[in-house]
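Asks: Got a structure here, written out as structure tokens. Questions coming.
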Amino acid sequence: MRAIPDSIAGYRTMKLSPAVTSLKPSATIAAAAKAKALKSQGVTVYDFTLGEPDFNTPEHIQEAARAAMQAGHTHYTASGGIPELKKAICSAFEREQGLHYEPNQVVVSNGAKHSIHNVLTALCGPGDEVIIPAPYWVSYKSLVELAGATPVIVETTEASGFRLTAEQFERAITPRTKLLLLNSPCNPTGAVFSTQQLEDLARVAVKHNLFVCSDEIYDKLLYTDEPFKSFATLLGGIANRTIIINGVSKAYAMTGWRIGWTLAPVALTAAMDNLQSQETSNPCSISQYAALAALSGPQDCVATMRQEFARRREYTLGRIRELPQVSIPEPGGAFYAFFNVSRHFGRPLGKGTVVNNSTEFCTALLEQSHVALVSGDAFGAPGYVRMSFATGRPILEAGFDHLAAFLSGKSA
Ligand code: PMP
Ligand code: GLU
């Protein structure tokens, strides 16, 4: 048998493009892979890396997928999604936010991550700047760079609850600014903007004639008193410069099904539909029927899962507040705790290891105490770590015991 050479060096035509050469893997997915690799060696790992519900997809949604296959919905669909799902997305948005969209303003994609890629590719190019408040979700910066545009990172502080202010937004604007990429509730901080704070940002966007891409994937995972308000509903007229990102991954425990969408102005929607028809043809037909059942079926599963996340959040916050020399602004939404561990740098932890940054902290914590977190460095926030509490209570309890021991100079 002839071996296939595993090196592409020397093949001029196989030289990788500059865009992918500088592309780093998603830090969240890489951290999860590291935890999995340790698990595969038989080690018990307390894994808080990935932001995905640990629940299985509700039964009635699974049943809709089985029925779709039996009904022969196993073919290509319209590139931007089946009309029934687009209609259901518009109806759900109108029901929840009181704002009417038409199906020609919807593109259904292979997850919200893909939707963000579509927006950035269709709207931005070399010379354009995209404002991203830090801490930011790991993929934002890379997706902007993949589109050839320039990310402009604006740092927010723990003292402000990690919320971008209107003044900060306005100061970051240049003649090249195209877009603000906003995420409330936020991954990784859990920060939720008040309606007043969102309106202040919206006024700046109107004044400077800018688009705002509002990633609302955590809209149903809110622990504050104020109900969720979509950016598109602000000021009674911001919708024509808002691009909404959403999907079924988080609210319906459907991360593996890969369905997300955009609600956007018609011309941009048409451009994204074209792009998608060339890049991926269409999102998975069966998943689209499952998402249709999720949006148009009973919603009590969403509330039940949210309640469980709320209980885990309470527990998580209680345990973090007991940790020595650690601080955390209260997360109002999503399922992440983002806390400051920088006061532990430069002193012995675990088995006596001294760490100097969040990445070293996470590495030592995983290797010595088998607790897996994601380094704040990946989110543009050195000194912090992210813990996803979308995981069962026994794992949370044991994980915190190990983390506490590590911080006090012991290890499992
Ligand atoms: N936006 C944010 C803020 C996220 O945390 C994620 C992670 N899932 C996504 C978008 C992408 O979600 P999806 O699984 O639908 O691609
Ligand atoms: N969004 C989740 C997270 O931040 C899933 C992984 C990813 O897509 O980055 O952990």
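Values in this text are rule-based calculations from the coordinates and carry no lab data. None of the values given here were measured: they were computed from a predicted structure. With ideal geometry, Cβ positions are generated from the backbone for all residues, glycine too; neighbour counts draw on all protein chains shown.
Asks: Please go through segment 316-331 and give me each residue that is surrounded by fewer than 14 Cβ atoms within 10 Å (Cβ to Cβ) and in contact with a Phe, Trp or Tyr (Cβ under 7 Å, 6 or more places away or on another chain), ordered by number.
Replies: Matches in segment 316-331: none.
Asks: Is it true that Glu330 is touching a Gly at 6+ places or on another chain (Cβ under 9 Å) and more than 13 Å from ligand 1 (Cβ to nearest atom)? Break it down into steps so the answer makes sense when it comes.
Replies: Details: touching a Gly at 6+ places or on another chain (Cβ under 9 Å): yes; more than 13 Å from ligand 1 (Cβ to nearest atom): yes.
Yes, satisfied.
Asks: So which residues in segment 326-373 are more than 16 Å from ligand 2 (Cβ to nearest atom), touching a strand residue (DSSP E or B) at 6+ places or on another chain (Cβ under 9 Å) and at positive phi, if there are any at all?
Replies: Of everything in segment 326-373, those that are more than 16 Å from ligand 2 (Cβ to nearest atom), touching a strand residue (DSSP E or B) at 6+ places or on another chain (Cβ under 9 Å) and at positive phi turn out to be Gly346, His370.
Asks: Considering only residues that are within 11 Å of Ser296 (Cα to Cα), of a type in the set (A, V, I, L, M) and away from ligand 1 (no atom under 16 Å from the Cβ), which ones fall in segment 79-114?
Replies: If the condition is that a residue be within 11 Å of Ser296 (Cα to Cα), of a type in the set (A, V, I, L, M) and away from ligand 1 (no atom under 16 Å from the Cβ), then Ala88 is the only one that fits.
Asks: Further question on the same structure: Quick check on my filter: what residues within segment 203-241 are closer than 19 Å to Tyr136 by Cα and more than 16 Å from ligand 1 (Cβ to nearest atom)?
Replies: Listed by number, the list holds a single entry, Phe211.
Asks: Taking Ala381, is it small (Gly, Ala, Ser) and either touching a Ser or Thr at 6+ places or on another chain (Cβ under 7 Å) or more than 16 Å from ligand 2 (Cβ to nearest atom) (or both)?
Replies: Working: small (Gly, Ala, Ser): yes; either touching a Ser or Thr at 6+ places or on another chain (Cβ under 7 Å) or more than 16 Å from ligand 2 (Cβ to nearest atom) (or both): no.
Taking the combined requirement at face value, the residue does not satisfy it.
Asks: Sticking with this structure for a sec: Identify all residues within segment 379-395 that are touching a strand residue (DSSP E or B) at 6+ places or on another chain (Cβ under 8 Å) and under 21 Å from Leu221 (Cβ atoms); write none if there are none. Let's see the steps before the verdict.
Replies: Looking only at segment 379-395, we keep the residues that are touching a strand residue (DSSP E or B) at 6+ places or on another chain (Cβ under 8 Å), and these are 379-381, 383-389, 391, 395.
Hits for segment 379-395 are Phe379, Ala381, Tyr384, Val385, Arg386, Met387, Ser388, Phe389, Thr391, Ile395.
Asks: Let me ask something else. State all residues of segment 149-175 that are over 24 Å from Gly332 (Cβ atoms) and in contact with a Leu (Cβ under 9 Å, 6 or more places away or on another chain); if no residue qualifies, say none.
Replies: Result: Ala149, Pro151, Ile173.
Asks: Another one. For segment 359-376, what are the residues that are within 15 Å of Phe339 (Cα to Cα) and surrounded by fewer than 19 Cβ atoms within 10 Å (Cβ to Cβ)?
Replies: Thr359
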